[in-house]
Amino acid sequence: MKIYSEKTNKEYASVDECLAAEKEFDEVVAAKKAAEEKALVERKAKQEALAAERKADADEVEVARQELIAAQKKYHEILAKFCQKHGAYHYTIKAGEGLHDLVSSVFDNFWML
């Protein structure tokens, strides 16, 4: 008589042989499932670490942006006082300044007057 296992989809000569094969099959399936769960946990931990790093970097950028806004506000206030007291403020645009700095500095001066 042959015994057929629905788990392994194989035939076995004895019940003991079938039970041993099914037990081994269950262990392999459990090990695979544990490995998949471990990989999932590791991926989630990595994603959370990246998200935390991104948030910390974004917070640093936001602090720098707020400092920039405060510095620009202070600059415009001081420039406005100077212009009211002494007239136009003249300065030389250096070659090392970026295009953004050049354009923004030229346009900022037009809006201040």
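The values are calculated or read from the model by the stated rules, or taken from the named source; none is laboratory data. Not measured: the values here are computed from a predicted model. Glycine gets a Cβ as well: all are built from the backbone with ideal geometry, and neighbour counts include every protein chain shown. Remember, those area values only see protein heavy atoms, side chains included, never the ligands or the DNA or RNA. Shrake-Rupley method; radii C 1.70, N 1.55, O 1.52, S 1.80 Å.
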Accessible-area value, Asp26, 1.4 Å probe, nucleic acids and ligands omitted, Å²: 70 Å²
Separation of the Ala34 and Asp59 label points, Cα + 7 Å toward Cβ, nm: 3.8 nm
Distant alpha-carbon pairs in region 1-90 (separation over 19 angstrom), percent: 72 percent
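Ignoring any ligand, DNA or RNA, what whole percent of the accessible area of region 1-85 comes from carbon and sulfur when the probe is 1.4 angstrom?
On the way: 4370 of 7520 Å².
The computed percentage sits at 58.
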For region 10-96, size of Cβ-based charge dipole, Lys and Arg +1, Asp and Glu -1, in debye: 1420 debye
Contour minus Cα-Cα distance for Glu22 and Lys73 (0.36 nm per residue): 10.8 nm
Residues of region 23-40 with amide N under 17 Å of the 7 Å Cα→Cβ point at Ala51: 40
Set of lysines near Lys46 by C-alpha distance (under 27 Å), chain-local residues within fewer than 8 positions excluded: Lys32, Lys33, Lys38, Lys55
Distant-in-sequence amide H partners of Tyr12 (H built 1.01 Å from N, under 5 Å): Ile3, Tyr4, Ser5
Binned Cα-Cα distance frequencies in region 1-47 - 5 Å width, integer %: 5, 22, 19, 14, 10, 9, 9, 7, 4, 2, 0
Signed unit charges on C-beta, dipole axis of region 17-60, positive-most listed residue Ala51, Ala39, Ala20: Ala51
